[in-house]
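Colleague: My questions all concern the structure below.
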Amino acid sequence: MNDRAGRRRARRLAIAAAVVLALAGANGPWLYQVGSEKYHQYRINRPAYKAENGRWEIVEFPKEYRQNTIHAALLHTGKILLVAGSGNNQDNFDAKKFDTRLWDPVKGTIKKIPTPNDLFCTGHTQLANGNLLIAGGTKRYEKLKGDVKKAGGLMIVYNENPDKPMTLPAGTKFTGKENGKTFVSKDPVLVPRAKKVFDKATGRFLRNDPGFGRIYVEAVREGAKYETGTQDNYRVQGLTGADARNTYGIAQKLALDKKDFQGIRDAYEFDPVAEKYIKVDPMKEARWYPTLTTLSDGKILSVSGLDDIGQLVPGKNEIFDPETRKWSYTEKERQFPTYPALFLMQNGKVFYSGANAGYGPDDVGREPGIWDVETNKFTKVPGMSDANMLETANSVLLPPAQDEKYMVIGGGGVGESKLSSEKTRIVDLKADEPRFVDGPSLGKGTRYPQASVLPDDSVLISGGSKDYRGRGDSNILEARLYHPERNELERVADPLVGRNYHAGSILLPDGRVMFFGSDSLFGDAANTKPGKFEQRIEIYTPPYLYRGSRPSLSGGPQSIERGESGVFTSKHAASIEKVRLIRPSASTHVTDVDQRSIALDFTTSGDKVTVTVPENRNLVQSGWYMLFVTDDQGTPSVAQWVRVP
């Protein structure tokens with residue numbers, strides 16, 4: 001090679017090096033990002049990492065099966081009921097497009113289920129027969145003040161006739177005696193007959209106390225000139241004679257103010273075998289955001305919710321009897337905010353953790369305590385830290401359920417407050433004087449944290465957001481395992497999907513955990529783009545499923561009475577350390593009052609495992625359960641389904 005050729009080669013190499021350096025300078029962050037991502041994927045997929053931290057994976061349904069999942073429940077068939085209703089989508093509501101999906105996580109099949117009504121923001125709980133009771137939902141979406149075109153509001157309709165009730169159909173017109181303005185009812189209303197009142201001492205007739213019904217009315221035309229500023233009496237058009245004299249309406253201000261969501265009375269059972277909804281007797285009260293809780297006798301308590309005119313149900317609680325499939329009021333009234341976290345205790349009373357979803361006064365019914373439903377006595381439980389930040393908190397009955405310890409996780413201020421709590425608070429209801437104490441910190445304020453009890457007695461806590469509905473791109477991509485015996489939080493693998501409002505989690509029969517939903521208000525950190533509902537499912541595989549083979553469990557009875565025993569087969573019987581009976585989940589708005597993990601006494605002999613179900617009916621409610629055995633490495637079996645009659 002001559003000198004000239006050598007100089008040309010050297011110059012080309014220098015130019016190439018300069019280009020490479022220039023490109024590296026321009027694309028350095030991208031190259032670093034790609035390298036970092038590849039290393040991250042390598043790190044989180046190493047067996048040792050998964051054995052310590054677990055692993056997340058996304059399940060994305062085919063487009064035609066995707067929905068805005070609001071509620072989810074594990075059925076005793078092993079399938080997951082995913083309920084959207086209208087999915088917090090006004091267009092779906094207007095088109096009466098109401099969705100339910102039935103997903104088999106083992107086979108991967110998805111089935112569309114005909115949905116009879118808008119079950120968006122319904123209440124639900126597991127029944128003893130294996131069906132899922134679903135009650136309440138959406139009658140009307142809220143309208144913000146600027147979107148309200150017709151003045152409207154609450155009309156109280158009175159009937160002074162003691163001899164007959166009055167039924168007024170939808171479309172009935174009411175005209176004010178003083179203001180002369182006419183309003184139209186949106187739904188029918190039944191107004192009971194008046195009640196005759198007599199003097200208890202003499203038996204002399206004193207008066208008629210009018211019967212009354214409530215109805216939502218709107219002006220016949222749009223515009224501010226149809227608003228009313230004061231109370232007025234309203235005559236009912238179309239009535240004549242005595243009916244016109246005895247039946248009338250009274251309304252306060254009927255205006256263009258914001259109109260809240262309105263609830264429905266409808267109730268259904270979902271049959272997991274027939275895979276369809278079965279209509280049952282409607283509730284006495286319409287409810288949107290209600291809580292359903294199983295009581296000592298297997299009947300279901302329904303509380304709170306917004307009614308059919310958008311007001312908080314005023315303390316009128318009711319009971320569903322699964323045998324008659326009918327509802328009746330409780331004798332006493334007690335007020336709660338919407339979606340209060342209510343748990344059946346071992347003494348038959350109900351524990352209210354203080355956590356809730358929120359609609360209602362900020363100073364009524366928000367303190368945690370123990371409620372005797374029969375006598376209506378309520379004993380407050382003190383010690384709650386960040387007591388003004390219990391909206392959007394989660395609550396969980398810590399395992400094992402016999403210990404009767406509860407944890408309240410995170411939460412935020414009332415309404416759209418920016419306040420959020422990093423606290424966990426724990427209360428031992430078996431203590432002589434129960435009192436909340438702070439548990440380990442979440443590290444940052446967390447609204448909407450999801451929580452699921454696992455068969456190894458840990459609790460998986462994940463997700464949430466620092467601000468209201470993820471405002472400011474505040475979703476928290478973190479997960480932790482809480483260990484009750486050590487009172488410690490252990491950071492594990494980070495979830496891949498952010499989840500806040502309208503999210504939840506469910507323990508699957510194979511020991512994994514399913515996460516669903518999330519309804520961010522905005523889609524960017526600057527809060528300038530509308531949010532998009534998260535339709536992807538995410539599955540977390542806990543560390544215990546990466547630590548070698550899992551114990552086997554087979555055979556055994558399909559039903560075990562309380563106080564009785566059942567014999568199962570396991571070739572790993574000698575290594576079994578725990579046996580747990582776990583009630584399947586029914587999750588909404590992060591809270592799941594159904595989940596509880598009950599420790600069972602057991603003995604082993606050869607390959608036989610004999611388990612005994614506790615006698616306490618309030619601890620072990622009638623219904624289907626997942627039976628897990630856990631070995632000395634903390635690894636659970638795949639669940640066997642067992643029914644407790």
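Colleague: Which label marks the calculated value of semi-axes √(5λ) of the Cα gyration tensor in Å, given the options (i) 50, 36, 21; (ii) 54, 26, 23; (iii) 42, 28, 20?
Modeller: The listed entry that was calculated here is (i).
Colleague: Contour minus end-to-end for E485 and Q633, with contour as 0.36 nm per residue of separation and end-to-end as the Cα-Cα distance? Don't skip to the end; give the middle numbers.
Modeller: Numbers: separation 148, 0.36 × 148 = 53.28 nm, distance 1.60 nm.
Full extension from E485 to Q633 adds 51.7 nm.
Colleague: Starting from the Cα of R43, step 7 Å along the direction of its Cβ; do the same at R547; then give the gap between the two resulting points in nm.
Modeller: For the pair R43/R547, the computed spacing is 2.3 nm.
Colleague: Please arrange H40, H76, H71 by how many other C-beta atoms lie within 10 Å of their C-beta, fewest to most. Write out the running numbers ahead of the final one.
Modeller: Working: H40 11, H76 21, H71 26.
Listed from fewest to most nearby Cβ atoms, that is H40, H76, H71.
Colleague: Evaluate E = 1/(1 + (r/R0)^6) for R245 and S417, where r is the Cβ-Cβ distance and R0 equals 60 Å; express this FRET efficiency to the nearest 0.05. Before the final figure, lay out the partial values.
Modeller: Values: r = 50 Å, r/R0 = 0.83.
Between R245 and S417 the formula returns 0.75.
Colleague: Could I ask something else about it? Along the charge dipole of the chain, pointing to its positive end and built from +1/-1 on Cβ of Lys, Arg, Asp and Glu, which listed residue (I598, G54, F628) has its Cα farthest out?
Modeller: G54
Colleague: Picking from V437, M407, S421, whose Cα lies most toward the positive end of the charge dipole for the range 380-448 (charges on Cβ: Lys, Arg +1; Asp, Glu -1)?
Modeller: Of the listed residues, the answer is S421.
Colleague: Suppose each label sits 7 Å from its Cα in the direction of the beta carbon; what would the R235-N179 distance come out to in nanometres?
Modeller: 1.8 nm
Colleague: Take K279 and T375, extend 7 Å from each Cα along the Cα→Cβ direction, and tell me the distance between the two endpoints in nm.
Modeller: 4.2 nm
Colleague: Give, in nm to one decimal, the length gained when the segment between K444 and K529 is fully stretched (0.36 nm per residue of separation minus the Cα-Cα distance).
Modeller: Working: separation 85, 0.36 × 85 = 30.60 nm, distance 2.51 nm.
Extra length from K444 to K529 when fully extended: 28.1 nm.
Colleague: Going by C-beta contacts inside 10 Å, put E60, E404, E422 in order with the fewest on the left. Please report the intermediate quantities before stating the final value.
Modeller: Details: E60 11, E404 20, E422 17.
Ordered by Cβ neighbours within 10 Å, fewest first: E60, E422, E404.
Colleague: Treating only the Cβ atoms of Lys and Arg (+1) and Asp and Glu (-1) as charged, compute the dipole magnitude of the range 565-644 about its Cα centre; round to the nearest 20 debye. Write down the numbers at each step before the final one.
Modeller: Details: 8 positive and 8 negative charges, 41 e Å.
Magnitude of the dipole: close to 200 debye.
Colleague: Along the charge dipole of the chain, Cβ charges K/R +1 and D/E -1, which of S462, A170, A151 sits furthest on the positive end?
Modeller: After comparing all options, I get A151.
Colleague: Compute the angle between helix 3-44 and the longest alpha-carbon principal axis of the chain, please, reported from 0 to 90 degrees and rounded to the nearest 10.
Modeller: Result, in degrees: 40.
Colleague: Further question: Which entries in K111/K608; K418/K529; K259/K418; K96/K150; K112/K150 show an alpha-carbon gap greater than 29 Å?
Modeller: On the way: K111/K608 38 Å; K418/K529 19 Å; K259/K418 23 Å; K96/K150 22 Å; K112/K150 37 Å.
Beyond 29 Å: K111/K608; K112/K150.
Colleague: Sticking with this one: Working out 0.36 nm times the residue gap between D321 and K107, then minus their Cα-Cα distance, what length gain in nm do you get to one decimal? Mind dumping the intermediate values first?
Modeller: Numbers: separation 214, 0.36 × 214 = 77.04 nm, distance 3.49 nm.
Between D321 and K107, full extension yields an extra 73.5 nm.
Colleague: Still on this model: Can you give me the relative contact order of the range 565-644 as a percent, contacts being Cα pairs under 8 Å and 6 or more apart? All intermediate terms of the calculation are to be shown ahead of the outcome.
Modeller: Working: 152 pairs, mean separation 27.4, N = 80.
For the range 565-644, the relative contact order is 34 percent.
Since every read-out is calculated from the coordinates, none of them should be taken as a lab result. Just so it is clear, the structure is predicted and the values come from calculations on it, not from any experiment. Please note: Cβ atoms are built from the backbone with ideal geometry, for glycine as well, and neighbour counts cover all protein chains shown.
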